[in-house]
Amino acid sequence: MSEHVIILGTGPAGYTAAIYAARANLNPVVIEGDEPGGQLMLTTEVENFPGFPEGIMGPDLMDAMKKQAERFGARFVWGNAHSVDLSKRPYRVIMADNNTYEAESLIISTGASAKLLEIPGESELIGHGVSTCATCDGFFFKDKRIIVVGGGDSAMEEATFLTRYASEVTIVHRRDTLRASKVMQDRAHNNAKIKWVMNATPLEVLGEQNRVTGLKIKHNDSGKTEVLDTEGLFVSIGHRPNTAFLGGQLETDKVGYLVTDPQTTQTNIPGVFACGDVADSRYRQAITAAGTGCRAAMDAERWLEAQSEKTVVS
Ligand code: NAP
């Protein structure tokens, strides 16, 4: 049976698309992924999502969005899409367990994953001093020392932002030259609160009693190791949009983010829409993802209506 619309991914973009599509009587099927709720399931308190003056825990926000979508009839399927066939309509979504779903339109909201250092101590301390999002978590580091790892624009931006809260921010970069654009480098260099440890490789995140106490690094020139004391570690080494399952069938930019029409959420394939972080390297906020999820559902609804009008006419 061919569905009207399948939504792939369940961060704020996917859930919002599901709420709007369900309320538009499109009876959406939502492929949840292996980690339903996306990146917000990894954060603690979300303080910048409008409507929650006291803040809300990331997992609670995601749970509420899911319940809201279910209330209007969205159907959820647990598991990951393994691949898709966009060569003709109805489009096919093939699951990891080989189950197949078909739909006239798709909304891709599979998000992006922050890259991690993959060193000992890191994953255990995520949410307890290790973070990949300065905007989300910077506020919790008032007057504390923070390390930011990375040498790109994101690391410069996050480090500069974190100086609003932290007593000191140390940027640790693995080479002796930065990848970041000159303007972003200059901004960081001109900030008196930012210190630099260049040409150093992070080896281990140290912690005790569920909180970060330090970062062990190796100085690449001398081979010597050192422990930098810190209360927070922001890993800012880039994001990876989750598009591997698309097998290159949709247009991406040079980094791999899906490209959409500037006015809408339409991808290069008619009836396939993209929203949230998988198509956004710039804002990457829960609220912006939710906003584009709404747009994608409205775009899908209008597109489906236009197709049925064409069928009636012909
Ligand atoms: P990026 O440009 O890919 O930089 C990633 C940085 O992390 C690089 O310095 C890289 O080191 C380092 N790195 C990667 N893997 C590492 C590892 N395993 N261990 C230690 N260091 C590691 O990513 P980004 O900074 O997130 O930027 C992504 C895109 O968004 C860029 O096009 C950027 O210009 C754009 N952006 C723009 C703005 C802005 O204009 N306001 C803000 C943020 C991002 P190497 O340099 O040695 O490879």
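The values are calculated or read from the model by the stated rules, or taken from the named source; none is laboratory data. None of these values were measured; they are calculated from a predicted model. Counting neighbours? That spans all protein chains shown, and the Cβs are built from the backbone with ideal geometry, glycine included.
So, of the residues in the range 176-219 that are surrounded by fewer than 14 Cβ atoms within 10 Å (Cβ to Cβ) and of a type in the set (A, V, I, L, M), which turns out to be farthest from I146 (Cα to Cα)? Filtering first and then ranking leaves V183. Pairing each residue of the range 271-286 that is on the phi > 0 side of the Ramachandran plot and within 13 Å of the ligand (Cβ to nearest atom) with any residue that is of a type outside the set (A, V, I, L, M) and in a helix (DSSP H, G or I), provided the two are 6+ apart or on different chains, yields C-beta distances under 8 Å for R284/D277. Of all residues in the range 230-241, those that are more than 11 Å from the ligand (Cβ to nearest atom) and out of contact with any helix residue (DSSP H, G or I) (no Cβ under 6 Å at 6 or more places or on another chain) total 3. Here A64 clears all of (1) surrounded by fewer than 18 Cβ atoms within 10 Å (Cβ to Cβ); (2) closer than 30 Å to I237 by Cα except the condition numbered (2). Within the range 230-273, being at pLDDT below 95, surrounded by fewer than 17 Cβ atoms within 10 Å (Cβ to Cβ) and not small (G, A, S) holds for R240, K254, V255, P262.
Does V149 satisfy being modelled with pLDDT of 95 or more, under 19 Å from the mean Cα position of the chain (by Cα) and within 16 Å of the ligand (Cβ to nearest atom)? Criteria met by V149. Within this structure, N80 passes the test of being within 20 Å of the chain's Cα centre (by Cα) and among the polar types (S, T, N, Q). On inspection, T163 passes the criterion of being over 21 Å from L116 (Cβ atoms), more than 10 Å from the ligand (Cβ to nearest atom) and over 19 Å from the mean Cα position of the chain (by Cα).
Looking only at the range 149-181, residues that are among the polar types (S, T, N, Q), under 25 Å from K218 (Cβ atoms) and outside any loop (DSSP other than H, G, I, E, B) come to 2 in all.
Any residue that is within 16 Å of the chain's Cα centre (by Cα), in a loop (DSSP other than H, G, I, E, B) and either over 16 Å from I108 (Cβ atoms) or not basic (K, R) (or both) - is there at least one of those in the range 12-34? So far as the range 12-34 goes, yes, one or more of its residues are within 16 Å of the chain's Cα centre (by Cα), in a loop (DSSP other than H, G, I, E, B) and either over 16 Å from I108 (Cβ atoms) or not basic (K, R) (or both).
Of A64, A13, which residue is out of contact with any Phe, Trp or Tyr (no Cβ under 6 Å at 6 or more places or on another chain), without any contact (Cβ under 8 Å) to a residue 60 or more places away in the chain and in the same structural domain as L246 (by TED's automatic domain parsing)?
After applying the criteria, what remains is A64.
The residues of the range 53-90 that are over 17 Å from T110 (Cα atoms) and among the aromatic types (F, W, Y) amount to a single one, F72.
Does the range 134-143 include one or more residues that are assigned to a strand (DSSP E or B), of a type in the set (S, T, Y) and in contact (Cβ under 8 Å) with a residue 40 or more places away in the chain? Step through it out loud before you land on a result.
Our first condition is that a residue be assigned to a strand (DSSP E or B); within the range 134-143, this holds for none.
No, the conditions are met nowhere in the range 134-143.
One residue stands out in the range 78-132 among those that are in a loop (DSSP other than H, G, I, E, B) and among the hydroxyl-bearing types (S, T, Y): the one that is modelled with the lowest pLDDT, namely T132. May I ask you to list pairs of residues, at least six apart or on different chains, whose Cβ atoms are under 7 Å apart, with the first in the range 85-102 being of a type in the set (K, R) and the second being part of a strand (DSSP E or B)? Going by the 7 Å Cβ cut-off, the qualifying pairs are R89/E104; R92/V84; R92/D85; R92/T100; R92/E102. Of the residues making up the range 283-313, those that are closer than 26 Å to A64 by Cα and of a type outside the set (A, V, I, L, M, F, W, C) are Y283, R284, Q285, T288, G291, T292, G293, R295, D299, E301. Close Cβ contacts (under 7 Å, 6 or more residues apart or on different chains) running from residues in the range 200-221 that are within 22 Å of G127 (Cα to Cα) to residues that are surrounded by 17 or more Cβ atoms within 10 Å (Cβ to Cβ) and of a type in the set (F, W, Y) are absent.
Against the criterion of being over 20 Å from the mean Cα position of the chain (by Cα) and closer than 22 Å to V278 by Cα, A112 does not qualify. Selection of the range 204-229 for residues being within 14 Å of the ligand (Cβ to nearest atom) and in contact with a helix residue (DSSP H, G or I) (Cβ under 6 Å, 6 or more places away or on another chain) yields only V205.
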